Amino acid sequence: MASKDNDGKMTLEEAGRKGGQATAENHDKEFYQEIGRKGGEATAENHDKEFYQEIGRKGGEATAENHDKEFYQEIGEKGGEARSNQRKDD
């Protein structure tokens, strides 16, 4: 339930949440996939290779700070299994 400030108006956060909920009720998965695709295309048109290298580096550093050796072993095993299954299907 939205609370009101002293003027009887919703906060910006409450209005955003309410709008997001209304949008979610009116649109399906394909809608969100389409806007995601369009956003990705727009980003690709506005940024170069170095941009993606930089965000990849930062993401890798953040992941390394938050996970231990076992995490990397687990995702490595999963990736190897997926690749092995992919080769079997080819």
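Data overview
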| quantity | calculated |
| --- | --- |
| Cross-link reach list, aspartates and glutamates versus Lys38, counting only Cα pairs under 13 Å and skipping chain neighbours closer than eight places | Glu30 |
| Cα-projected label distance for Met10 with Glu61, points at 7 Å along beta-carbon direction, nm | 3.9 |
| Hits among lysines - C-alpha to C-alpha of Lys78 under 17 Å, sequence gap 8 or more where chains match | Lys69, Lys88 |
| Along principal axes, Cα extents of region 48-90, largest first, whole Å | 35, 30, 7 |
| Isotropic mean projected area of the C-alpha convex hull, the chain (nm²) | 11.5 |
| Prolate/oblate/rounded label for region 1-46 (Cα gyration tensor, a/c 1.5) | oblate |
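We did not get these values from a lab; they are worked out from the coordinates using the rules stated. Source: prediction; values computed, not measured. Don't worry about glycine lacking a Cβ; one is built from the backbone with ideal geometry, like all the others, and counts go over all protein chains shown.
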